[in-house]
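**Student:** This is the structure, below, for whatever I ask next.
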Amino acid sequence: MVEQSASIEITSLVKRHGATLAVDHVSLTVRRGEFFSLLGPSGAGKTSVLRMIAGFETPDEGTIRIDGRSMETVPPNRRPVNLVFQSYALFPHLTVAENVAFGPRMQGAPRNEIASRVRVALDMVKLSSKEERVPAQLSGGEQQRVALARALVNRPAVLLLDEPLSALDQQLRQEMQVELKSIQERAACTFVCVTHHQEEALTMSDRVAVMDQGRVLQIGSPQNLYESPTSAFVARFIGISNELRGIVRRIDGERAVVQSPDLSGDLQITLPIHIPVREGNVVTLLLRPERLRLSTAAQGLNGEQSLAGSIDKVLYSGSDRRYMVRLGERVVWNVRVPNDEFGRNGLSRGDAINVRWQISDAVVLTE
Amino acid sequence: MKVSFPVRGTESPGRALSWWLLGPGLLWIGLLFFVPLCLVVVISFANRGTYGGIVWSFSLTNYLDLLHPLYARILGQSILLAAGTTLLCLVMGFPLAYYIARATPKHQGIWLLLVMIPFWTNFLVRTYAWMFILRTEGLLNTLLLKLGLIATPVELLYSNTAVVIGLVYGYLPFMVLPLFAALERVDRTLVEAAWDLYATRWSVFRRVILPLARPGVMAGCLLVFIPSLGAFLTPDLLGGARSMMIGNLIQHEFLVARDWPLGAAISCVLMLLVVGMMAWSLRAMTPLSRREHES
């Protein structure tokens, strides 16, 4: 199928800034028509990757191919990609319509064709009524739409977005997340988006590459990243995560007895079959707050595991309560339960409680 | 509707103080600038006495005299030389200003200092230096002869070329500085955006950098054109008898011909010309600045 073919192929890309590796052997493939995000904290190298795809920075090593064509000697004005800048970079001396018409004009499109393409692009971002304004007369959200239209009017093979929503306020940002996704579907264009905002990446993307310190740690669908992180960094960066580190003392069939210096007793965990663990290995157990249950009963149901602890802090957040449960000297877990779980007033500080979870919900990482 | 606040009481001493602070400046401009200007205008309508001096009778003869082809030619030549100087300064100053604007802040300081260093030496001295360079047995001719590029010395001094060289040399910084200020404000990502949108290097310059730098171009052109038009020292020293500009004519009428009324009339025409050009260029600049201030 067409959707499955590669739009961008990046192989072993390296970019050095002085002695530091800004981009450290990054390889990834963006499929045609998908919404792909590069997610990571600032300084992760994601913007460098984006700028190398656009052609503003030259890779020190590695190759970038767009639609099968090597981009090595192709300058930015000849690449079949367009970039939506973080600051939008709208031309202040041109009207909205002139801004959008800039690309087609530079490509030498006929006048009447430019006019109709500009109209279509402005319709797509719902800004047709403001085409005679100059950028300074528009709100931040409108400027963002103009920047999108100015890029999409060129029908690029790939649209690159650099932190597209970071300059917008919270409410507008959530609206634009939905909007951006639907624009991408309407334009049937490959989007590559750089963001440091995990919620943004998860809601909009088909696939996400999580980056840190110049390296790609994991590539996968939002669900895949959230539910099966392959590293503690990814688990932590994508949502709140509860962790427990320990050493494998004994293997007992598919169960491992893990001793954590932070807990008083041993913990028996059932290991997923695909993770090979030996005695003496250090393992990290990861659990999402909403996968945990609180119970006063010591005995769990079949297929559940539990740890005893006490309530350390209660955070009320309307529809649910977040309990911080102290399991040991240095281990406090975050548990989210519906508001009415333990009566109107819920649990309070110091109450003894058991934390339970389904064995299959735990992610076990080995080092 | 007027609402008065208790703070208002403090306003009157403040206002009185501001008048006192303005006083010296106003007095200076009034006595040394405005009054002499009025005198020049009045004298331009008077008549010349038989042995110089001014006869205080109203007439338009001075202005009618200016219609003489000789004066028109000098005025036309002055405008041409000033325009040529401005154009050369723009062509030479733009790349320099662009380069400085894109340099690192530390290097910017050094470059700007280098642009301004000539001001540390007296303009007259620097113009004499140009005479030594341009003369028939001067530096330039000697060099060209030694290199075998020319067989006989070129006559450079005492020509319009020499005047333009001197003017460009003198006024180039007035072009570079406002251009630098305008170009430094041009957001670099706009250049990248244009490049990303398929613009060639020339289109980036023509469609983005130049329009955004327009206020600086206008300011630089005015700052070069106006003093060039009124220049008299440079054409006097480098142009000699062959190249007379309107500034030399005014000087000649006042000091040599002792025809103050005619000199005053020429001055008034020159002023009107300059004011007219400023008004025109300010209007040409407004659409952009108006857009910037709206919103």
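**Student:** How big is the stretch A:242-366 on each of its three principal axes, counting only the C-alpha atoms and giving the largest first in Å?
**Tutor:** 46, 26, 23
**Student:** Could you work out the helix-only [θ] at 222 nm for chain B, with each DSSP H run of four or more residues adding -39,500 (n - 2.57) and the total divided by the number of residues, to the nearest 500 deg cm²/dmol?
**Tutor:** Values: 12 runs with 190 residues, N = 295.
That comes out to -21500 deg cm²/dmol.
**Student:** Tell me which residues come under 5 Å, amide H to amide H, from B:Arg48 once H is placed; ignore anything under 5 positions away on its chain.
**Tutor:** For B:Arg48, whose amide H was placed from the backbone, the distant partners under 5 Å are B:Val55.
**Student:** I would also like to ask the following. Quickly work out the A:Asn281-to-B:Ala241 label distance, labels modelled 7 Å from Cα along the C-beta direction, and quote it in nm with one decimal.
**Tutor:** Placing both labels 7 Å beyond Cα along the Cβ direction yields 10.5 nm.
**Student:** Could I ask something else about it? What number, in percent, do you get for the relative contact order of the stretch B:60-294 if the mean sequence gap of Cα pairs under 8 Å and at least 6 apart is divided by its residue count?
**Tutor:** Working: 242 pairs, mean separation 62.7, N = 235.
Computed over the stretch B:60-294, the figure is 27 percent.
**Student:** For the stretch B:140-168 and the stretch B:175-190, what is the separation of their Cα centres, given in Å?
**Tutor:** Cα centres, the stretch B:140-168 to the stretch B:175-190: 34 Å.
**Student:** I'd like the Kirkwood hydrodynamic radius of the protein assembly as shown, using the inverse of the mean 1/r over distinct C-alpha pairs, in Å. Before the final figure, lay out each step's value.
**Tutor:** Details: mean 1/r = 0.0309 Å⁻¹.
Final number for the Kirkwood radius of the protein assembly as shown is 32.3 Å.
**Student:** Taking amide H atoms as placed 1.01 Å from N in the peptide plane, list the residues 5 or more away in sequence, or in a different chain, whose amide H sits under 5 Å from that of A:Ala22.
**Tutor:** A:Lys15, A:Arg16, A:His17
**Student:** What list of ³J(HN,Hα) couplings, whole Hz, do you get for the stretch B:76-85 from phi and the Karplus terms 6.51, -1.76, 1.60, once you set θ to phi - 60° and write x for glycine and proline?
**Tutor:** x, 5, 4, 4, 4, 5, 5, 5, x, 4
**Student:** Comparing A:Gly55, A:Gly68, A:Gly253, which has the greatest mean-square fluctuation in the GNM of chain A with Cα pairs linked when under 10 Å apart?
**Tutor:** So, out of A:Gly55, A:Gly68, A:Gly253, the one fluctuating most is A:Gly253.
**Student:** Kindly identify chain A as rounded, prolate or oblate by the Cα gyration tensor criterion: order the square roots of the eigenvalues as a ≥ b ≥ c, call it rounded if a/c is under 1.5, otherwise compare a/b with b/c, prolate if a/b is larger, else oblate.
**Tutor:** Working: a/c = 2.99, a/b = 1.87, b/c = 1.60.
Here chain A falls in the prolate category.
**Student:** Something else: Suppose every Lys and Arg Cβ carries +1 and every Asp and Glu Cβ carries -1, with no other charges. What dipole size does the protein assembly as shown come out with about its Cα centre, to the nearest 20 debye? Provide the component values of the computation, followed by the final result.
**Tutor:** On the way: 64 positive and 55 negative charges, 223 e Å.
Value, rounded to 20: 1080 debye.
**Student:** Would you calculate the volume per residue, in Å³, of the smallest convex hull containing every Cα atom of the stretch A:86-131?
**Tutor:** Details: hull volume 3.8 nm³, N = 46.
Here the figure is 83 Å³ per residue.
**Student:** Evaluate the charge dipole of the stretch B:60-294 about its Cα centre and quote only its size in Debye, nearest 20, assuming +1 on the Cβ of each Lys and Arg and -1 on the Cβ of each Asp and Glu.
**Tutor:** Values: 17 positive and 12 negative charges, 99 e Å.
That gives the stretch B:60-294 a dipole magnitude of about 480 debye.
**Student:** While we're looking at this one, here's another question. Among B:Met278, A:Gly346, A:Gly246, flag the residue with its Cα farthest along the positive direction of the charge dipole of the protein assembly as shown, charges on Cβ as +1 for Lys/Arg and -1 for Asp/Glu.
**Tutor:** Towards the positive end, the residue furthest out is B:Met278.
**Student:** Can you tell me which of B:Leu149, B:Leu22, B:Leu90 moves the most in a GNM of chain B? Springs connect C-alpha atoms under 10 Å apart.
**Tutor:** For chain B, modelled as a Gaussian network with Cα springs under 10 Å, the answer is B:Leu22.
**Student:** Within the set of other residues whose C-beta is less than 12 Å from the C-beta of B:Ala199, count the net charge using Lys and Arg as +1 and Asp and Glu as -1.
**Tutor:** Details: positive: A:Arg78, A:Arg105, B:Arg201, B:Arg206, B:Arg207; negative: B:Glu192, B:Asp196.
My count for the surroundings of B:Ala199 gives +3.
**Student:** Turning to a different aspect of this structure: Is it possible to state the helix-based mean residue ellipticity at 222 nm for chain A, with each DSSP H run of 4+ residues giving -39500 (n - 2.57), the sum divided by total residues, to the nearest 500 deg cm²/dmol? What is it?
**Tutor:** Details: 8 runs with 84 residues, N = 367.
Dividing the helical sum by the residues of chain A leaves -7000 deg cm²/dmol.
**Student:** Right, next: Could you name the aspartates and glutamates whose alpha carbon sits less than 14 Å from that of B:Lys146, not counting residues in the same chain fewer than 8 places away?
**Tutor:** B:Glu137
**Student:** Within chain B, which is the longest segment containing none of the GluC sites (Glu not before Pro) that sit in a DSSP loop and have at most 11 other Cβ atoms within 10 Å? Write out the running numbers ahead of the final one.
**Tutor:** Values: sites that count: B:Glu137, B:Glu294.
Between exposed loop sites, the widest span is B:138-293.
**Student:** Full extension from A:Val364 to A:Ser310: what is 0.36 nm times the residue separation minus their Cα-Cα distance, to one decimal in nm? Show your work: numbers first, answer last.
**Tutor:** Numbers: separation 54, 0.36 × 54 = 19.44 nm, distance 2.40 nm.
Extra length available between A:Val364 and A:Ser310 comes to 17.0 nm.
**Student:** Follow-up. Suppose every K and R has +1 on its Cβ and every D and E has -1 on its Cβ; what is the size of the dipole of the stretch A:6-237 about the Cα centre, in Debye to the nearest 20? Kindly include the intermediate steps, with their values, before the conclusion.
**Tutor:** Details: 26 positive and 25 negative charges, 116 e Å.
Here the stretch A:6-237 has a charge dipole of around 560 debye.
No value in this document is a laboratory result; all are computed from the given coordinates. Just so it is clear, the structure is predicted and the values come from calculations on it, not from any experiment. Cβ atoms come from the backbone with ideal geometry, glycine included; neighbour counts cover every protein chain shown.
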